[in-house]
Structures are given as structure tokens and as C-alpha cells.
Amino acid sequence: MTSTYKDSGTASLKDEEEFTDILEERRCTTDLGYALRTFNPQPYKGAPSSSTSDLKKAVLESQYLRYIAKEIALETGSSVEKVRQEARGILEEMSHNLQLGFIRLMAYTVNKVFKRLFRSIYVNMEGLNMLQQAIQESPVILMPNHRSYVDFLIVSFILFTYDIPIPVIAAGIPLASMKVVGEILRRSGAFFIRRAIGSDKLYWAVLSEYVRTIVRTGCAPLEFYVEGFRSRTLKSVVPKLGMMDMVLEPYFKGEVFDITLVPISISYDRVVEESLLALELLGVPKPKESTTGLFKASRVLQEDYGCMHVNFGRPLSVRQLCEGKINRSEYNLIPRDLPQRPSTEIQDCVNWVAHLIVRTQEEGSLISPWSLMACLLLQAPITTLTEEGLQWHGLTEKTLWLRKLVLDFRGRLNWPAHTTDSDVMSSTVALHHSIVHHKAGRVCLVQDGDPASQDPLSPEEGVMRTAAAVLMLVSYRNQALHVFVRPGILATAIHITKSTQKDELFSFFCFLRDVFANEFIFIPGRASQDFDEACSLLQKCGAVHMSEQEVTVLETGLEVLSFLQKLLQPFLDSYQLIFRYLCENGAHVFTEKQFLPAVQNLATKLILSGDLHTFEVLSSDTQKNVLSALRRLEAVTKLRASQQNEYKVNKAAVRRTGDILSGKIPPESLHAIPDARL
Amino acid sequence: MCCLCNTKRAMCLLTCGQSIWVCLQEIMKWNGWGYSDSKFLYNKKGQAEFTGKRYRLSGMIIPGLREWMESTFGANLQHKTPAAPILNSSAVQPPTLNEAFLKELKSTGIPFSHDAEDRVFRSHGHCLHEIFALREGKIGRVPDLVVWPNCHNDVVKIVELACKHNVCLMPYGGGTSVSSALECPPEETRSIVSLDTSQMNRILWIDEKNLTAHVEAGIVGQDLERLLNESGYCTGHEPDSMEFSSLGGWVATRASGMKKNIYGNIEDLVVHIKMVTPQGVIEKSCQGPRMSTGPDVHHFIMGSEGTLGVVTEVTMKIRPMPEYQKYGSVVFPNFEMGVACLREVARQRCAPASIRLMDNEQFKFGHALKPQVSSIFTSFLDGLKKFYITKFKGFDPNRLCVATLLFEGDREKVLQHEKQVYDIAAKFGGLAAGEDNGQRGYMLTFVIAYLRDLGMDYYVIGESFETSVPWDRVLDICRNVKARIVRECKDKGVQFPPLSTCRVTQTYDAGACVYFYFAFNYRGLSDPVHVYEQVEHAAREEILANGGSLSHHHGVGKLRKEWMRETISSVGMGMLRSVKDYVDPNNIFGNRNLL
């Protein structure tokens, strides 16, 4: 039975959950024996045992696809048969081909690799048990976060180990084009989706019918990344709604009684791609996925990546989530096989569910000591970090202080038990030797230089080099961010407005929540709950005193408030800088291609002149987020006719937003807070 | 003792010296379904038995019922919940009488009564909560007076008097409503008069040239068929309640009959209606078979559920009695195949007089109701059949389902038709399973209502409800509604999984009628009726969310009123409202159904 969904906003943290190291057993048995174990899972009760060819046939012969094919044939003037042929081709390219033999091969390989990479893989058995139950009762959607390529097959691996049906997994098409590996993944249950489908009607139709058929028949659990792609920043990404929509539709249309969503939080002590991520964010293009690349990457196998935690969340019943939010009878008057644009009510609900899942993933992820250290290291002046180093003693003390704060904020902490705090600290730093080194009582940032190069670095290159190291730190800080965001925003509101009035703080809180909606995950329509949560957390840790009308800062709370405010300062600085760029730069119309390097240039200059203290604005992720935020606030509009992503900027609006953000004018003058809809 | 019976019997004795007249109230249960002499009970040996002589099952032992009840509901013969044996008249509120009305009514000579028993008998239909309350001896608001008009003109007089003295009238036919339609609105402060049409039960004429019969609306289904049969005709309208429900009631609720595939539903059968309203009598001027004269005023009457007036006389189509009848049944490997077969039958428009598909749970239920077989040979044959289907044909006994069929017409055509249907069934994996199973299926229709009373003796409560739905949604709605019931019961603290089952009972070109049965063991619940109502409410929400209608033939009454607006739109409600406001501005017909 799926659990009752109670409160999405607050982490329903129970007592320390039992995590079991699944590698421990694997290390005692032979890999081959493991791969050949009997595998006899209990499938979803209503599911007929259907082959992949049955699935493809059902998709191709569906009324829906017939209809779309006819429509496209009419629009393009080609024959229906031709369009259907094309659809068949798309389906061939997309379709998974799950085979037990390959699952065994996959399990064998993955097992070997994981044993090399990780000390332990911890899994919460209780979550796994609930999943096992849920799978028998309704179609199940597995929704992990995605922080590393490594986790692509981790869920399948765990399910194979515990006799639970293997999922089919939505993957990006580049994986499919890898020689041999693509085919192995396909046979391990991956199906492949093109990037940038855009307005390709036929592709959308095939994909959505394929996904819906999988959900409808419940032939296998479906796994997909609601964030859409691997988060380069290790921070949660605002969910994508396309897949979510397809997955939920069979419930909306009454084709299944219920659907179970299982959020899965995967947390790493150390992410395999850490250095690649930072470079990518700085604009160094990511290497194309290729098999040879994979083998080259095999040097990563020599490294130690600590532990991995896979936390299976409580199964959520879509029926219960959607109760009272939607009226399914809107599908009564049009045949369900025909395309129908969902009402805004349905769209909002899908958006809400997607956000809720990502929030739940956040709440389920574990924060490592290293993330706490990263938060603190980033608050030190950059020169301290790169030159003389930060005092080890001070860092230890501060980290322990922060540990307490995380616990106060109900974060899940992965702090090794039965070890002294100083051992935890030093082993953590040792694990992350690629980013920091600890010498003579001080901790310094490791800067990846190219020792072969004889030429001294130009100042700009120096900035980029430091930025690469800083962004790595930033990404580990990001793993802990979700715990601090809400109280952090309140602390920022207190800092900027200097107000003690609750309603004033609330409206600034809402403004920040709105501006930063692309940076952090906020569940739509829950502004006041978020505010209340922030207040109660700050009150709990003794930072503020709350009364009916007022929030007063306590002397004892200055340390917490200043930590939180500094934690978010890089975001404010980055946004302000880009606002400034947009206002002061002459162009009213610009393309994304011009925008990104221009911002980077300006930022580099300001960093060198000492006027800018954050490197985060150099990250293309930040830059894109600001653009999205401004579009949401309607200060920037995308030109429809334009082919190469042209934007038009309303400088006055950008300036006004910047002025509110810096506290010059109150937020009431902002035109709308669009998320009060739900 | 029914008050009218006393007076009428006395009159009969005076005039003709012998009483041929039977008052239904005399021979029916006051707090359960049907005839007093017919009921299920567990005999001293603990075996289930059906008493009386009226039905094929009467007097028989049903060996499998006990085990089925115990295993399905976790019921136990030790845990009884007996009903209050007799009506306690002191629990009935004294009548609120409108003296002026009463005085003038007396002068008309129309029989009436304010005896407690007569009033209580007409205060309810057969919803679970109504019967449950009666069994506990709880009596709510009941009519203050019962009148028995004898003909159309009597009704005209009563309605005139009611208007004159502002009395609330509630028409009462057979009392088989399952929509709370007969419940007196508790907020009604006027005197409520129950207008019992049972005395208007004559066939006034039969027109053999046009094949129509003109009938008084109070006639009960079984009497109508019996009397017409005597002249070699039938209407062919056979709702499951036909033993007790009346022609007027059918018109007022848009009833549907089992054999509608041949004869049509009530709206297809009716040629002419006469109704008495506060504004006067409404009827058409001729009996043309179809007219283009604006919206059909019959459609204001059909389904009006007693809110506009009293239907007094109806001209109905009749047919010569069929030469030949044949039952049949088909077993399908699963419900999905069964539905696909019914859909195909509907597509080819070759549905027999009746075709019904029961799901697996109902199949098992029907099985449990098999009477004890007398010969070893029959039981041997049964065993063999079972072996053939489950072992030889590989049907899973927990998934298979059965369709029952009824063919009617001349012999040759029936046999031809039968072959056609069985051929279609075979395409969907269906195996012919004999006439016997089919016939028993239809017989169960009539006794199933009695079974609820047995359940209620042992902590089991339940009810049926229905909907109509497009073909493509049939499977989804069946699955989802059944699952919703199970989930709601669990959430509401019902200890044992409920019985949640359905059958497809009618096929149409564009969809089907689906009937759900739902029952559970309420031990451990403090307010079982409330739980029941919550689950039923949730089930109806589920039906609507899955594209089902609010009702196929039970009607809306007060039970389903809350969904009317979303069902027919605000404008639709306004249309109905304006008709009501014109026809009955003072709400004389104040049962508050529908709107």
C-alpha cells in the first residue's frame, strides 16, 4: 500500500533510518554467481507479461498514433503510410529491449565497477520494502535525482539484487549512439529520447504514446529523471514537465486506478565527474559520450569516491496527491485517444507534483561533512583560500557548529558514527584531495595547473583557473543548500530590509522566492508555508524571536543569520551583476551566444579589479538562470520569430528588479507574484 | 393491517360477496424487501434456505451460501444483528393534519388513512439507510396522510384540494425507489399527503390494430404482464423490480427493462401520457407514433420523479407474446474478453433480448447460490463441466467470468440468432456454458434483493448502484470504481475487504450500462451507515470522473441531487427549474427530488 501523503513541505524525518551496505555482501560472493542468481520478481498484479514487440505493436497501432499520422499526412501532403513508416523508425530508435540476459551482464559489470569506485553503497531497506509492495499494486514510476552518469544503472542494479522488477529507463539519445554500450543499455532497459524535440509533432506523439503505454500496462516500472538532465551544479534542477505529463496522463484519463511515484535520492561523498562539471559550467564543452571516451575515463577507476547513498522515498499515490486539485471529468467529452490540451488546472497540478518530487528528493538526500566544509570554505576570502590557506582548527570548529545547525534544520546528515570528529574531518579532506589540501594546520584550494605549460598564465586565465576550483567547491556546497534555503532567504530579507515587521519580511521573502525560483526548488503555491518554515527554523535555533507581528533578531542568532546571509550572497551578487550588465550594455536585443561570453568578460574584469567577490557568476548555469528569471518576471522576452534565441530586454523593468533586490524600493511595486495560483 | 384493506374488503364483501382483491401491504415486509413469506435464513443445521413458494429457489437449501458469506465477508452465524420485529407505532410522530383539506377530502369519498403503519409503509424506498433505520425501529419524518385515488378524476380532485389548502403531495407507486425519492423532506412543515396510486391498476383498453394498451399508472409490472398475457400480449418491459414497481414509477424515473434490446426502454414504449399537475392536466391530442411539435413534452414528464404531478394513465406499445424463449450462457477466460465480446455484439447490433456479463466475483457469488442438487448425476456433470473449463481449457477460476443470455422470438430465428451470438463469443474465447446457468442468472436477479436482508441479519450491509458509460471506458470504470470502493473501505476502517463487484447489464450502440454491487461486514464500526454512505459517495465521484453518467435508470431522487448541476449544466438546471416554476409554483409536489 502506498503511504498516505501528509505534508510535503516539511521533512518528515523519522528516527535514523537503517541503511544497509549492499556492496558488503557482494564483496563476499563471486561476481559471476551474483550475476547468475535466480531472479524471480513479483510484477504488478494487473500486468500481462508482454514482450517489447507487443509494446511496440500496441504503440504503433494505437488510435492516438493513427490519428496523429493522418493529421500529419494531411498537413505535409505525404501519405499516411509514409508517416507511419517514419513513426516506426522513431519507435525503433527509441524503444528499449529489456532482456534478462543483459540485465545479468549489466549486473556483473556494474557490480565490478562499483566495487572499485565506492567503499559502500548504502540503501534504506525499508524504502525498498515499500517499493516492493507498491510495485504489486499499481504502475510505479521511479524518480531518482541525477548527479552523475554512475547512477544511470544503480537503481536497476539494486532492484536486480533484491528481486524487484527491473525498470525501463528514459535516457538521452547520445547514450544510444555509443558503440556496443548503447545496445547494452538498451537491452538493460534504457529507452532513448532525442534532445531538443521542439515542435516535432510525430516524435512527441510516438514518445508520449510509448511512455503512456508503459504506464498503462504496468509492464515494467518506469524510471526517469524529472529534472530532465544531470545537474552540473549538483543542485536540484527545476523539474521538466514533458515526461511528467505523459506519465500522469493515464491516471488523469482513468486508464489506471492509481500511479505510484517513488522519489529516490542518490547522494555521493564524491562525484566521479566533479572536475568535468566545473569546466563545463565555465564553457569548456563537455566531451561527447562515446565508448572510447568511456574507456579513457577508466582512469577514474583508480580513485576513491567514498560512499554512495541511495534513499528510496515513501511511495506517493498520484491519486492522493491530486485529490481536490483536478477534475478528471474534463476528459469526458473528447475521446481519450485524441490529442487534447490539458486545462491549466491539470498543468498546474503536474507542475506541482513535479516540484514536490524534487523537494522530496532533496529532503531524502544525505549531506556529507564535505558539503558543510564547502559552505564554510566559500565564505572565506578567496585570497585566503588560494594563498595562505584557512586555519584547520577554525574550520573544524565551524564545521561542527554547522553540523548542529543542519540537525536543527532537520537536514539528513551523513556523519560517520564511531569515529572522532577530527578523524572525520581529515578523512573527508583526504577524500577530496583533488580540491583542497591540508598542510601545516591550514587548508588550501588546489588549483589545477598544467605543469607542462611553460607560459605564465594571463590574469584572465588565472581567474578561470581559480574559478574551476571554486566551482567545484560550489557544487559540493550546493548539495547542502536545500536545508538552508528557506531560512537563508528569510535571513537575507532581514538583512536587506532591516525590517522587523512580519508582513514586510514576508513580501520580501516572496519576492526573493520568486526571483530565485530557478535556483532553488520551491513548491508552487506554498509561499506562506515556506515562510512559516523559515521562521520556525530560525526560532528553533535561537536566531530570532517571533511574535504575532514581528520578527526580532536575537544577539545569539547573529552567527546563524550572518552564515545564512553569506551563503546566499553569491546569488545576489551574481544576479545584480547581470542586471547591471543588461541595463548598462547598449543592446536592447541580444542572443544567448553574445550574452554568455559578455557576462563572463565583465565578471572577469570586475573580479580582477576586486569589485566582485563571487566566481559563481562565471557559471553558465547561473547566467541562464538569471535569464529565465527575468523572462518569468517579464523583464526580458524571447523573440518568437528568431531562430537563434534572441532576447529583448526591458531595461527599466530589469533596473526595477535590481533596485528591489538591493532594498532601494519595496517589493510591492513588482507587478505579479505568479505562483499564488495553486 | 392496512387501513384501506379493511374498508375495501368490507365494501367488496358488501357488493360482490367475495374478495378477489389483494393489498400488497398485507403480504409484504415492512422493513425489508419483498414478500413476507419469502426470505433467506439459516436453518437449525446452519444451512441457508429460501422460504416460501413464490420463486424457483423457494423451499430449497443453498449449501454454498454460508461458506461464501463467511469467506467473502468474514461474517459469522454467531454474530447476529436481528431487526426490530414489529413496528412500534409510538415511535411514529403524530400526523400534522390540514383540517380544511381533510374535511373537503372526506366529502369526495376518496379513501384515506392516517394510521401509523400505513404512513410508515409509504415513507421510504429501499436505500440501505432507509431499511437500516427501519430495522433499528428508527422512524423519521413520514407522510401525515395516505390517500388512495381510484381513477384519474380522483387524482384531479386531490390535486385541486392540495393546491387550495397548500398541502404537500408525494406520489407513491410501488415503493421500490433506491434514490431517497420517497423520503419526506425533513424541512417540510406543511402536511404531507402520500398519494398512493395502487388502486388505479386497470387496463382500460387494448387496441389490437395499433398494438397499444391504455393502462392506469398504478398498475404493478407483474400484474400488467399477467393481464396482457391473458390476451396474448406483453409489453416486454421487465425491470428487475417488476414484481413491485408501477407503470407510473417507470415513467417518473425513466425506467429501463431487462429486455430493452427488443422492446425498448420506457421512453420507447410510451405513446401517450396523462399527468395531473397543479396547473391542470397535460396530455397530447393524438396518438401519432412520432411528432415534430417542438420539444417532446413527454420528456418533461419522464424522469420528473414526482416533482411536477401525478401520472395517471399511459398508452403503451404492446407486442404479441413471443413464441419461443431460450436462455443461454457463455464463459469467458476473463472480464476483458467478455467486455470485448459484448462490444462486438453491440457493434453488429445483434444483441439478444438480454445479455449480461458478470465479473469473476459475481460469478462466484452466483455459484454460491446454486441450490442443493438432487441427483448425483447432476453434480457429476457439474464437476465435469468445471474440469473441462478450468483444466482442459485452462481458464483461471479466479479470472473467468460469465455472460447470461436470453433470446426471444420465433423458434427458427431464435436458433439462428443464438448461433450468431455464440460464434461471436467464440472469437473472444467464450465457451457456451448451458441454458441452466443462464436461467439461474436471471432468477437471481429477483432473489438478490432478498439476500441483502439476510446479510443485514449478520452485520453485512450493501447496495447496488448503476451507471451508463461509453464503450471505450467500460473496463476502466469497472476497474477503477471497484478499486475505489476497496480503498475507501480500508481508509474508513472497515475490517474485512468488501465485496466489490460489477456486471455489464445493457448494451447500446455507443455504450453500456454497468451495475455495481458493494457490501461489507460492519462489525467494529460505530456508524456503519455513515461509512456506507461515504463509500457510496466516493464511488459515485469515481464514476463521474471516469466518464460515467449519474444514473442509467435508478434516477436522481435526493440521493444524487448534488451532482445534477455538473451533470446537465447550469442552463440545463435553469430549464428544468423554469418548468417546475411554471407547472408547480407553490411546490405542491414537494418531494424535492431532482432539483
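Quick one: Cα centre-to-centre distance for the stretch B:140-158 and the stretch A:413-438, in angstrom? What the calculation gives is 91 Å, centre to centre.
Of the accessible area of chain B, computed with a 1.4 Å probe over protein heavy atoms only, carbon and sulfur atoms account for 54 percent.
A 1.4 Å probe run over the stretch B:147-218, with the rest of the protein chains in place, finds 35 Å² accessible per residue.
Once the chain from residue B:530 to residue B:30 is taken as fully extended at 0.36 nm per residue, the excess over their C-alpha distance is 177.7 nm.
Once the convex hull of all Cα atoms in the stretch B:331-482 is built, its volume per residue stands at 146 Å³. Convex hull volume per residue, computed on the Cα atoms of the stretch A:529-604, equals 153 Å³. When A:100, A:202 are compared by accessible area at a 1.4 angstrom probe, the order from most to least is A:100, A:202.
Distance from the alpha carbon centroid of the stretch A:529-563 to that of the stretch B:518-564 works out to 49 angstrom.
Give the peptides A:137-150, B:549-562, A:106-119 in descending order of average Cβ contacts within 10 Å, highest first.
Most protected by this proxy first, the peptides run A:137-150, B:549-562, A:106-119.
If one takes the longest principal axis of the Cα atoms in chain A, at what angle in degrees, from 0 to 90 and to the nearest 10, does the Cα axis of helix A:63-76 lie? For A:63-76 against chain A, the angle is about 80 degrees. Each of A:496, A:528, A:469 was scored by the projection of its Cα onto the charge dipole of the stretch A:381-532, and the greatest displacement toward the positive side belongs to A:528; charges sit on the C-beta of Lys, Arg, Asp and Glu. Rg over Rh for the stretch B:442-595 works out to 1.02, using Cα positions for both radii and the Kirkwood form for Rh. From helices alone, chain B scores -11500 deg cm²/dmol at 222 nm; the rule is -39500 (n - 2.57) for each run of n ≥ 4 DSSP H residues, then divide by the residue total.
Distance between the 7 Å Cα→Cβ label points at residue B:89 and residue A:410: 6.5 nm.
The C-alpha atoms of chain B occupy a region whose extents along the principal axes are 76, 57, 57 Å, arranged from largest to smallest.
Debye-formula intensities of the stretch A:181-284, expressed as log10 I(q)/I(0) at q = 0.10, 0.15 Å⁻¹, are -0.38, -0.83 (one equal scatterer per alpha-carbon, no solvent). Over all other residues within a Cβ to Cβ distance under 13 Å of residue A:376, the charged ones net out to +2, with Lys and Arg as +1 and Asp and Glu as -1. Compared with the dominant principal axis of the Cα atoms in chain A, helix A:592-608 is inclined by about 30°.
Between chain A and chain B, the total buried accessible area stands at approximately 1300 Å², from heavy atoms with a 1.4 Å probe.
With a 1.4 Å probe rolled over the protein heavy atoms of all chains, the accessible area of B:254, A:341 falls in the order A:341, B:254, largest first. Among B:27-38, A:511-522, A:436-447, A:366-377, the peptide with the highest mean count of other Cβ atoms within 10 Å heads the list, and the full ranking is A:366-377, A:511-522, B:27-38, A:436-447.
Using a probe of 1.4 Å, the accessible surface attributed to residue A:25 totals some 110 Å² when neighbouring protein chains are kept in position.
Could you calculate the FRET efficiency of residue B:387 with residue A:73 from 1/(1 + (r/R0)^6), where r is the beta carbon distance between them and R0 is 56 Å, rounded to 0.05?
0.55
Computed across chain A, the Kirkwood radius stands at 26.6 Å (inverse of mean 1/r, all Cα pairs).
The Cα trace of the protein assembly as shown gives Rg and Dmax of 37.8, 133 Å, the first to one decimal, the second as a whole number.
Here r is the Cβ-Cβ distance between residue B:166 and residue B:561 and R0 is 25 Å; the resulting FRET efficiency, rounded to 0.05, is 0.60. Counts of other chain beta carbons within 10 angstrom of each beta carbon in peptide A:315-326 average 1.
Scalar couplings 3J(HN,Hα) for the stretch B:234-244, obtained by applying the Karplus form with A = 6.51, B = -1.76, C = 1.60 to θ = phi - 60°, are 8, 8, x, 8, 10, x, 4, 8, 4, 4, 10 Hz; x denotes Gly and Pro.
With the whole protein complex present, residue B:106 retains an accessible surface near 130 Å², based on a 1.4 Å probe. Interface residues of the stretch B:447-480, defined as those losing at least 30 Å² of solvent-accessible heavy-atom surface relative to the isolated chain (probe radius 1.4 Å), are listed as B:472, B:473, B:476, B:479, B:480. Over the stretch A:436-589, the ratio between the Cα radius of gyration and 2.2 N^0.38 Å evaluates to 1.31. Quote the FRET efficiency, to the nearest 0.05, computed for residue A:344 versus residue A:540 with a Förster distance R0 of 51 Å and r equal to the Cβ-Cβ distance. Calculated value: 0.85. The alpha carbons of the stretch A:144-207 give a radius of gyration and a Dmax of 13.3, 41 Å, in that order. Run through the DSSP bridge list for chain B and note the antiparallel percent, rounded to the nearest 5. Here the antiparallel bridges make up roughly 90 percent for chain B. Spatially close Lys pairs in the stretch B:233-366, defined by Cα atoms under 27 Å apart and a spacing of eight or more places or different chains, total 14. Rolling a 1.4 Å probe across all protein chains gives residue A:498 an accessible area of roughly 150 Å².
Setting aside same-chain residues fewer than 8 positions from residue A:593, which lysines have a Cα under 30 Å from its Cα? Counting by Cα, and skipping residues close in sequence, residue A:593 has these lysines nearby: A:201, A:235, A:240, A:286, A:288, A:605, A:624, A:638, A:648, A:651. Using alpha carbons only, the radius of gyration of the stretch B:96-224 set against its Kirkwood radius gives Rg/Rh = 1.02.
The values are calculated or read from the model by the stated rules, or taken from the named source; none is laboratory data. All of these numbers come straight from a predicted model, not from anything done at the bench. Don't worry about glycine lacking a Cβ; one is built from the backbone with ideal geometry, like all the others, and counts go over all protein chains shown. Side chains included, ligands, DNA and RNA excluded: accessible areas come from the protein's heavy atoms. Shrake-Rupley method; radii C 1.70, N 1.55, O 1.52, S 1.80 Å.
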